[in-house]
1. With just the Cα atoms of segment 62-123, tell me how far they stretch along each of the three principal axes, in Å, largest first.
2. Would you mind checking the tilt of helix 17-178 against the longest principal axis of the Cα atoms of the chain, expressed as 0 to 90 degrees and rounded to 10?
3. Sticking to Cα atoms, compute the Rg of the chain to one decimal and its Dmax as the biggest Cα-Cα distance, whole number, in Å.
4. If you average the C-alpha positions of segment 50-82 and of segment 144-158 separately, how far apart do those two centres end up, in angstrom?
5. On a 0 to 90° scale, report how tilted helix 3-13 is relative to the longest principal axis of the chain, with both axes built from alpha carbons and the result rounded to the nearest 10.
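Derivation of every value follows stated rules applied to the coordinates shown; laboratory data play no part. All of these numbers come straight from a predicted model, not from anything done at the bench.
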Amino acid sequence: MNDSTKRSKAEVINPGLGEIDKVRDILFGKYVSDFEHRFAQLEARLEQDVEQIKDRLTEKMAGMDDAVNESLSRLDKMIGQEQKKRDAEMNALHKTLEDARTTLQHSISLMEDQANQDLAAVKAALQESHEELLGQSKVAQDELNKQLNLQREELQSDKVSRQTLALMLDEVAVKLRSS
């Protein structure tokens with residue numbers, strides 16, 4: 001807004017106000033225009049400084065944004081590498097555990113086979129010993145039966161001799177009585 005519009009509006013609202021503006025322009029006109037010029041320069045310089053600060057802040061923000069993005073990118077790469085490393089270690093550990101499980105199962109299977117073979121050998125040895133004992137028992141029983149039969153025959157032959165002796169004695173006794 002220029003001064004003439006201010007004055008005309010001021011005169012319409014307050015008719016004496018326009019004259020005060022004229023007096024003020026006369027008294028302070030040079031200083032006011034100098035102040036307005038200084039304020040305009042100061043305002044322009046402030047706007048320029050604010051623009052420079054905005055530009056610097058924008059550049060710094062962009063630089064910081066780039067630095068943060070770069071750091072995040074490096075962190076993502078490091079995390080990815082670490083994840084791959086951990087996955088590889090986990091797979092190696094899983095493979096090691098699987099190999100250990102397989103080896104353990106194989107060892108258990110071998111031990112079971114060996115135990116079964118040992119058990120079969122013990123069973124066979126026991127069966128053989130049993131059969132041998134049965135054979136020895138049968139031989140011993142047969143031997144005992146033979147000896148028993150021999151002793152019975154001897155006893156019977158001894159018994160027969162006793163009977164014969166008794167008969168003889170009976171005959172002698174009869175003869176003695178008859179005589």
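1. 88, 7, 5
2. 0
3. Calculated on Cα positions, Rg and Dmax stand at 69.3, 216 Å.
4. Result: 122 Å between the Cα centres.
5. Taking the Cα atoms of the chain, the angle to 3-13 is about 80 degrees.
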